[in-house]
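A short worksheet on the structure shown next.
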Amino acid sequence: MNHAGAAASDAAMAIRSLLLASALIASPLFAENTRPEAIPAVSAVPAAKDVPYPGTLQLDVDATDVTRGIFRVKETIPVAGSGPMTLLFAKWLQGAHAPRGEIEKLAGLVITAGGKKVAWRRDPYDVYAFHIDVPAGAKAIDLAFQFISATDGNQGRIVMTPAILNLQWNSVALYPAGYYARQIPIQATARYPDGWRAFSGLPSTATGSTYRYEKANFEVLVDSPVFAGRYWRQEQLTPDVRLNIVADEAADLAATPEQIAAHRRLVEQAVKLFGAQHYDKYEFLFSLSDSLGGIGLEHQRSSENSVDADYFTKWNDGPGSRNLLPHEYSHSWNGKYRRPAGLWTPDHNTPTKDSLLWVYEGQTQFWGYVLGARSSLFTKQETLDALASIAATLDQRPAREWRHLEDTTYDPIISARRPKGWLSWQRSEDYYNEGMLIWLEVDATLRRLTGNRKGMDDFARAFFGVRDRDWGTLTYTLDDVVRTLNDLAPYDWAGLLQARQFENAKGAPMTGFTASGYTLVYAPEQTPFMKDAEKRSKGVDLSFSGGLSVDKDKKISGVIWDGPAYKAGLTVGTEIVAVGGKPYSIDTLKEAVTAAASSKEPIRLLVKKFDAFREVPLDWHGGLRYPRFQKTGTGEGALDRLLAPR
């Protein structure tokens, strides 16, 4: 091609390129595909307002069908006029720290007005909300529905058995949207099986098996659940506090005078500690059951507590779950009366902000163990051994290197408290126990700064011991916490607490122990506390001895991330069939771990996963290791003083 022709060709190509570029600019990329526009998600649920609801709701619950576990509900809601109305099923439940209302168990909903059926429709964006149009002339709407409670553990927590039931009002009532829960009056009645006794923080009068509860607002009603049972026992611990016990069998109620006295001391020690009571009367709701689902849930004037049936009858075997009541009772002060501002909401369907749970739950965990020791529900040594186990578990949790403590406060929402395959790498609700370690450090720091004149007892009295007998809610922020600490002893408390919330560190914060006269060590023998825990679980915990734990069904229940078991390829759910050619048992596994300490040969495990068998060499030669605290120095340290009764 000559130069003139080449130039013309180049010019033509340039023009074509410009035209193609212009076409691409003028028309959208992938214009041949249909592209819808987004529809805004507009909420049709009225926002809560702090104004009185016009009328009193009437709620009637038939709780007699304990064979099928069905609560049958009738509810009447007065209305001020016709038109649109939204009814809500409680979604965000305090203490659950997540949207855990069991809406899936509401069934058979029928709404009528003046005997005529009223159509309802579920909100497309909020399945906990139901919209209706109140017909002209209606003075009230009538609701009928059932709460179909779990009949097997895979459906949720079991709340009804042939001997015990746990009635939570949030599961058996709808309430009108657009109002603060405290502005909605309600009168509740419940019928229980004949011969049963019911207990609640909300006063009632009984006529036969029907209980009529004191008129309250919806907030107080939801905060006043019921335990009822065929076999029961009530103990007046102090003039203001009662222990209400229901059990699977009458024999489970056989508590000795000294056992009851320990619970009485719990109340006495708590009142001495906090210096005020934020209830008029307080009711421990306490079930001893191997059938009812376990629970520990705080309320202002009561708490829901469920432990194994042998709580009293096997008291001498070990402390078991005896720190549950101290924890939940402490919540009357921390969590219910004084509450992080983000965790208070005007109704039960406004999302909470799960911040400061390391104060709400972590400090309550701290006081639970302290009061357990001071009341002798736990001995001092059992308390130290429990704390050692907790500290060691957190200390070898590598997830602290990437996930800070504050982020775990969102875990109830993120994981809904479901089991995790790699707990040590994912973390869970560590704000409970790691939060407790923070407050142990604060106590030790206060004592150091003040020459042992002040500690966390002084914080409790200043922060929680205000407005005696006020059982409303007084919210707090981190600034309030820091201000109170600075009033006790000037220090960079904000810096310390911020560091502990957001640090990514290897190893747990141990200053609360090391500055209080104790250091964490490991020994081949279990502490009595760990022996009791292992016996109750019917499994074996070798987290510190190879990096795995095994449940009662011979299946691995935990593997420490990047530990020996992890490196051997073991995972949760894998069944151990044999150890070193012998059928698996706890003793056989422990013997193999002990023998490997003086051998270069790995521990040989025959395991089964997905119906496939394989031999796994576990390369661990450190023998059996169990955590415990060793006293440093002589005399009484800060931790010793903290655990001593007042």
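The values are calculated or read from the model by the stated rules, or taken from the named source; none is laboratory data. This one's a predicted model, so the numbers in the text were calculated from it and none came from an experiment. Note: ideal-geometry Cβ built from the backbone for every residue, glycine included; neighbour counts use all protein chains shown. Ligands, DNA and RNA are excluded from the accessible area calculation, which covers all protein heavy atoms including side chains. Shrake-Rupley method; radii C 1.70, N 1.55, O 1.52, S 1.80 Å.
A few remarks follow.
- Output for the range 525-561, where each listed residue is touching a Pro at 6+ places or on another chain (Cβ under 6 Å) and open to solvent by 50 Å² or more (accessible area, probe 1.4 Å): Trp561
- Just so you know, in the range 390-425 the residues that are among the basic types (Lys, Arg) and in a loop (DSSP other than H, G, I, E, B) include one that is nearest to Tyr522 (Cα to Cα), and it is Arg397.
- Whenever a residue of the range 513-526 is in contact (Cβ under 8 Å) with a residue 60 or more places away in the chain and more than 16 Å from Thr634 (Cα to Cα), its partners that are open to solvent by less than 20 Å² (accessible area, probe 1.4 Å) and part of a loop (DSSP other than H, G, I, E, B), lying with C-beta atoms within less than 7 angstrom and at least six residues away or across chains, give the pairs Tyr522/Phe544; Pro524/Gly623.
- Output for the range 202-252, where each listed residue is among the acidic types (Asp, Glu), assigned to a loop (DSSP other than H, G, I, E, B), touching a Ser or Thr at 6+ places or on another chain (Cβ under 7 Å) and buried (at least 21 other Cβ atoms within 10 Å of the Cβ): Asp248
- The range 115-148 - residue that is without any contact (Cβ under 8 Å) to a residue 40 or more places away in the chain and open to solvent by less than 80 Å² (accessible area, probe 1.4 Å) and, of those, farthest from Glu75 (Cα to Cα): Val127
- Any hit, the range 497-508, residues being over 25 Å from Leu387 (Cα atoms), of a type in the set (A, V, I, L, M, F, W, C) and out of contact with any helix residue (DSSP H, G or I) (no Cβ under 9 Å at 6 or more places or on another chain): no
- From Val607, Val572, residue being open to solvent by less than 10 Å² (accessible area, probe 1.4 Å) and not charged (D, E, K, R): Val607
- When residues of the range 290-333 are limited to those that are of a type in the set (Gly, Ala, Ser), touching a strand residue (DSSP E or B) at 6+ places or on another chain (Cβ under 6 Å) and in a loop (DSSP other than H, G, I, E, B), the one farthest from Ala247 (Cα to Cα): Ser321
- Pick from the range 426-469, criterion in a loop (DSSP other than H, G, I, E, B) and free of Cβ contacts under 8 Å to residues at least 40 places away in the same chain, ranking: farthest from Gly275 (Cα to Cα): Arg427
- For Thr352, the criteria (1) surrounded by fewer than 24 Cβ atoms within 10 Å (Cβ to Cβ); (2) of a type in the set (Ser, Thr, Tyr); (3) assigned to a helix (DSSP H, G or I) hold in every case but one, which is (3).
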